[in-house]
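Any read-out appearing in this document is the output of simple, stated calculations on the displayed coordinates, not a laboratory observation. Not measured: the values here are computed from a predicted model. Heads up, the Cβs are rebuilt from the backbone with ideal geometry, glycines too, and the neighbour counts pull from every protein chain shown.
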Amino acid sequence: MSKSKYEVIPTTSAQMVIASGVDVLLGEIRAEWQAKSLITRVKTLLPVDPSSACQRLLNAAIHDLREKIVIAGLDVAQEAAGMNKLPTVSKAEDVQEYSTTHTLDLAYHMGLINRPEWRRLKRAYDIRKDLEHEDDQYEAGIEDCVYVFRTCIEIVLSRDPISPVRVTDIKDIIETPKRVTLSTELVQDFTNAPDKRQLEIMKFLISVTRDGKKPDIVRQNAIEALRLLSAPMRKSTRAQVGQHMQEILKSRPADLADMKVANAAGVTPYLKQSKVKQFFEDVYSQFEKLGHRWDRSDQHGKLLDDFEDVGGLEATPTEIRPKFVRWMVRCFLGEPGGYGMGVNRPVFYSNVAAPRIEGYFRQMGTFVVADFEEATKDRLIKAAVSDKHIARRLEKLRDLVTTEPLPE
């Protein structure tokens, strides 16, 4: 039976392109694009004219990026355009008039694609331009078509638009009159948000933690939100948040509330280190004033909890940290017992401080081993370990700090 004159007959090159698996890649395109005429046309052209199919697929990817730019926020687009000398963006129509090159650049500067993805898409655009002006000097290779298909689909057409989290979304959650935490989905939305949006949210949370008129539960929710969002926050945003905190402090010393916020936001290293050093010097003075004896156990909890909230040993400047480690070692070791109400207890130590110190050292592991070994040379610690029971407690600490920290 003869073939119909209307039947599509794949060319040899098209057959090889299809054999490379690009038709399977087409199945990964988001459902909303699958039904669009542009993708339908790509599927029709692929068996007979892969070059034209590539051109139309890239057109679809650029169109999709323009839509994602608008969804991500015109305020973010406007700032990114201004900072990177791109055409002005004040309304959605401005984005639609962007050239392909400018669209790729704006998407990159807004954080919708990363730098490697931006480079891949630029390369795909170069290939498309070559295909568009295909002549005797350039003939599309199979690898070119595969590259364009894979790049456009993997980076753009298979991905859903980001759901840009806004300050109001966070505000509605943390102002709930009970202990709350941000959902995994919201944290992911923050992770994908452009720098400007991340910065807005972090500034808002910082302002809430510092607002004495807010209920304590709301301020605590804001601190917890800062902790959750500091991990996925981009380095570029972190530097700006650090600068914001530094501007808040200006010429005054950092206090406990400041340093709790800075630690929760992950920006302590971005503060003036002279302020940080002075703060931890003042904190150590409080440790010394309270003392490490077991009969101060009822006051050790808040002291150590506050210390952990400002970053603990990890945030303490290296020149001060040995003093904290020595205090903790002495507090953990305790003193000989066996008398009074504790006649059956060979060592008297702070029941409140000891488990916290053990937890710190287990978490820090080898990070503090040098400070620990230096502390063991202290004459009072040397004298204390002459007691076999206290010596065992010292070895327990040594085991903790000579072991790698446990994973989070």
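Tabulated data for the structure shown
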quantity: Chymotrypsin sites (Phe, Trp or Tyr not before Pro), loop per DSSP, at most 11 other Cβ atoms within 10 Å - longest free stretch of the chain; calculated: 7-338
quantity: Length added when fully stretched, Arg166-Ser183, from 0.36 nm per residue minus Cα-Cα; calculated: 4.7 nm
quantity: Helical mean residue ellipticity (222 nm; -39500 (n - 2.57) per DSSP H run of 4+; nearest 500) of the chain; calculated: -19500 deg cm²/dmol
quantity: Relative contact order for the stretch 163-271, counting Cα pairs under 8 Å that sit 6 or more residues apart, in percent; calculated: 29 percent
quantity: Hz values of 3J(HN,Hα) by residue in the stretch 99-104 - Karplus curve (6.51, -1.76, 1.60), Gly and Pro given as x; calculated: 5, 4, 4, 5, 4, 5
quantity: Size of charge dipole - the chain - debye, nearest 20, with Cβ of Lys, Arg +1 and Asp, Glu -1, no other charges; calculated: 1500 debye
quantity: Cleavage-rule hits, trypsin sites (Lys or Arg not before Pro), the stretch 170-207, DSSP coil, Cβ neighbours within 10 Å at most 16; calculated: Lys178, Arg179
quantity: Centroid-to-centroid separation of the stretch 289-340 and the stretch 250-271 [C-alpha atoms, Å]; calculated: 22 Å
quantity: Size of charge dipole - the stretch 163-271 - debye, nearest 20, with Cβ of Lys, Arg +1 and Asp, Glu -1, no other charges; calculated: 200 debye
quantity: Subset of Lys275/Lys382; Lys214/Lys277; Lys235/Lys323; Lys275/Lys396; Lys178/Lys213 violating a 23 Å alpha-carbon distance limit; calculated: Lys275/Lys382; Lys214/Lys277; Lys235/Lys323; Lys275/Lys396
quantity: Length-normalised contact order for the chain - Cα pairs under 8 Å, 6+ apart - percent; calculated: 10 percent
quantity: Rounded to the nearest 20 debye, dipole of the stretch 12-157 from Cβ charges on Lys, Arg, Asp, Glu; calculated: 380 debye
quantity: For the stretch 163-271: rounded, prolate or oblate by the Cα gyration tensor [a/c cutoff 1.5]; calculated: oblate
quantity: Taking the stretch 272-408 and dividing mean pair separation by its residue count, relative contact order in percent (alpha carbons under 8 Å, at least six apart); calculated: 26 percent
